[in-house]
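Novice: Please find one structure pasted underneath; my questions will follow.
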Amino acid sequence: MKAMILAAGRGERMGPLTASRPKPLLKIGGVALIEHHVERLAASGIAEIVINLSYRGTQIRERLGDGRRWGLSIAYSEEGEPPLETAGGIVQALPLLGTEPFLLVNSDVFTDFDYRRLMRTPLRQSIVLVPNPAHHPRGDFGLDEAGCVRGEPPLLTYAGIGVFDALAFAALQPGRRPLKPLLDAAIVRRELQGLLFEGLWIDVGTPERLEAARAVAPRS
């Protein structure tokens, strides 16, 4: 299974911290945020990673290179400005992703989730859900007794991690496109599985949450 790391966002809520560098290169425990994901994906057996780039993407490419120091290969999908949002970025990257299900990870979450859990799910599309953090109390999706994602409460928060079927994006036109309408459609068809994760997970979307992640991260 290939993996895609979403790294094209500008990180505007970070203020001066991302004025001259992209958010995925902010350090937690002495290691760039995106490098935490690359390391964990490599440890999970992933051999090929695709990373989408937009804001200051050259810095990310220069930092990670071709991935050989982690024993895998990294390919880059250039989006230009503005970035194409999640689904649009996936459509842009399809020539690199192929036609099989792939693992998707938001670069701006800090977590110890074991990606191998997603590789064992029976459905071709699955997402990770976490308890609602203080900054997102309303949640996004629910889970039924069979483990399928639903839109009814009680709601949990989408963790920015999942497995998606590349074929579900093949018919979409290029351009900016959010992911949620595709998730909603899969929910209606009962084709989206959910995994509840209650371990370490922080959405590193603000300077305060960056500091929270640094406070719990071991130093490298």
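Novice: Rounded to the nearest 5, what % of the DSSP beta bridges within the stretch 1-133 are antiparallel ones?
Specialist: 10 percent
Novice: I'd like to check one number: the per residue accessible area of the chain, probe 1.4 Å, reported in Å² as a whole number. Each step should come with its number before you reach the end.
Specialist: On the way: 10260 Å² over 220 residues.
About 47 Å² of surface per residue is accessible.
Novice: Further question on the same structure: In percent, how large is the relative contact order of the stretch 25-84, given Cα pairs closer than 8 Å and 6 or more residues apart? Don't skip to the answer; put the middle values down first.
Specialist: Details: 62 pairs, mean separation 21.7, N = 60.
Once normalised by length, the contact order is 36 percent.
Novice: Another one. Net charge around residue 115, counting only other residues with Cβ within less than 13 Å of its Cβ (Lys, Arg = +1; Asp, Glu = -1)?
Specialist: Details: positive: 2, 40, 116, 117, 120; negative: 39, 112, 114.
In short, +2.
Novice: In the chain, what percent of the accessible surface is made up of carbon and sulfur (1.4 Å probe, ligands and nucleic acids excluded)? Walk me through the numbers on the way to the answer.
Specialist: Numbers: 5300 of 10260 Å².
That fraction is 52 percent.
Novice: Rounded to the nearest 500, what is the chain's calculated 222 nm mean residue ellipticity when only DSSP H runs of at least 4 contribute -39500 (n - 2.57) each, over all residues? Provide the component values of the computation, followed by the final result.
Specialist: Details: 6 runs with 55 residues, N = 220.
For the chain, the value works out to -7000 deg cm²/dmol.
Novice: Normalised by the residues of the chain, what does the relative contact order come to in percent, with Cα pairs under 8 Å and at least six apart?
Specialist: Numbers: 438 pairs, mean separation 55.2, N = 220.
25 percent.
Novice: Rank these by accessible area, largest first, 1.4 Å probe: 119, 1. List each step's numbers first, then the result.
Specialist: On the way: 119 65, 1 95 Å².
Largest accessible area first, the residues go 1, 119.
Novice: With the Cα gyration tensor of the chain giving a ≥ b ≥ c as the square roots of its eigenvalues, does the rule (a/c under 1.5 for rounded; else a/b larger than b/c for prolate; else oblate) give rounded, prolate or oblate? Walk me through the numbers before you get to the answer.
Specialist: On the way: a/c = 1.44, a/b = 1.18, b/c = 1.22.
Here the chain falls in the rounded category.
Novice: Also, I was wondering about something else. In the stretch 87-190, with Lys and Arg counted as +1 and Asp and Glu as -1 at Cβ, which of these residues, 151, 185, 110, has the Cα nearest the positive end of the dipole, that is, farthest along it?
Specialist: Working it through, the farthest residue towards the positive pole turns out to be 185.
Novice: In debye, nearest 20, what is the charge dipole magnitude of the chain about its Cα centre with +1 on Lys and Arg Cβ and -1 on Asp and Glu Cβ, if you could check?
Specialist: Result for the chain is approximately 360 debye, rounded to the nearest 20.
Novice: Enter the Cα centre distance for the pair the stretch 23-41 and the stretch 126-196, rounded to the nearest angstrom.
Specialist: One Cα centre to the other: 24 Å.
The values are calculated or read from the model by the stated rules, or taken from the named source; none is laboratory data. What you see is a predicted model; the values in this text were computed from it and never measured. For neighbour counting, all protein chains shown are included, and Cβ atoms are generated from backbone atoms with ideal geometry for every residue, glycine included. In case anyone asks, the SASA skips ligands and DNA or RNA and just uses the protein heavy atoms, side chains included. Shrake-Rupley method; radii C 1.70, N 1.55, O 1.52, S 1.80 Å.
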